[in-house]
């Protein structure tokens, strides 16, 4: 057996020989070295680095020593265009696999699937991902990681399109689960976005939370639901909050049995003095199951003859929300003082294009328990996003919530949050109100297609008012188009 010193000497000599062979074949000179093109196979080298074994010798590859998955690259045939400096090549120009379909085969093996044959769009997406994966592995100053994340999105869309063709394809379902796992790792965050904000955003959240209010049953004096001030004297809440039980089954609450309470809030120094306003009129009602679960209430002045301050009025927006948009919800869960549910995110937007539908399908399949459940959930999911003529978009008419128009979100809400405003964290506009959700449980669960909260889209509410030609009501609302 050769000594370590002898091995290092032989290795260094081999690198010098390779360097000599490359002279004259390299491309134009570049800063810090000379451009080279090499083809070979990755091997584990000295001190944890990777080296490329070519027909002419071996060379170290810069940037691999700290890459946590470098051992998964061993044995991969590669073609590298990079910059040679001494005995090391820095692959910062181009780094591509010389074996098309390698990553697709590898992921099938890791996912326990023997499936290999796929449509061209899925194979192409995986080959793009393969290149991006290797660029990220080469430590290309962050740009490789960004391309890898983008390529994961391309693969996710291709998988979703394959599932749209056949929701029960076991090979594609296996890839969906593996891809979703890789996406969580690549983005280093649950919702694949950077959940970081300027500290002042929380001051603004508190300011906007003052537009939230509680609905009080005048007869029992209980706080039982939530709402939000969207005009000088107009409060938005849920249609089902106008009933003492399930709409159509329980008793309908007339305006004189409901009051609206502001400033039901606990501060560090104690509780704020609350202000109650009577409900004078129910301006508009939506519908319960299968419809838009919203209502607009006209409130009167308080006992001092005053209305809520204009600064409390919150603006509705018809702007579409996107997948993973960050939200916060303001309301009165379980009749408690005003609470803010932060770290909420959009899981299923109200309006999406076909590419987003495919990306979401991959996530739905990945979160299901087993192929049979995945196929069932995918069929329900696809049925919940029918085309919305005449445009190219699809709208979420949730089969989870009896066909009601909805934004699906991951929010920490409870009974009593019905009617709570959901604000877009980016600009604090109200994108809808919470109307349905999961049962109040103690154990944690993974949010997904079968477990999420429902939000009535503000865009759908505004469209409904326009369709019903309620221009006077629209004129009373604060709206940002």
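The values are calculated or read from the model by the stated rules, or taken from the named source; none is laboratory data. Worth saying up front: this structure is predicted, and the values here are computed from it rather than measured. Glycine also receives a Cβ, built like all others from the backbone with ideal geometry; neighbour counts cover every protein chain displayed.
Scanning the stretch 287-314 for residues that are surrounded by 14 or more Cβ atoms within 10 Å (Cβ to Cβ) and at pLDDT below 95 returns 287, 288, 289, 291. The single condition among (1) at pLDDT 95 or above; (2) out of contact with any strand residue (DSSP E or B) (no Cβ under 9 Å at 6 or more places or on another chain); (3) part of a loop (DSSP other than H, G, I, E, B) that residue 369 does not meet is (1). Inspection of the stretch 462-475 finds no residue satisfying the criterion of being surrounded by 14 or more Cβ atoms within 10 Å (Cβ to Cβ), in contact with a strand residue (DSSP E or B) (Cβ under 6 Å, 6 or more places away or on another chain) and farther than 25 Å from residue 284 by Cα. Among residues of the stretch 245-278 being closer than 14 Å to residue 225 by Cα and in contact with a helix residue (DSSP H, G or I) (Cβ under 9 Å, 6 or more places away or on another chain), the one that is surrounded by the fewest Cβ atoms within 10 Å (Cβ to Cβ) is 246.
Would you check if there is a residue in the stretch 426-441 being surrounded by fewer than 19 Cβ atoms within 10 Å (Cβ to Cβ), outside any loop (DSSP other than H, G, I, E, B) and at pLDDT 95 or above? Checking the stretch 426-441: not a single residue is surrounded by fewer than 19 Cβ atoms within 10 Å (Cβ to Cβ), outside any loop (DSSP other than H, G, I, E, B) and at pLDDT 95 or above.
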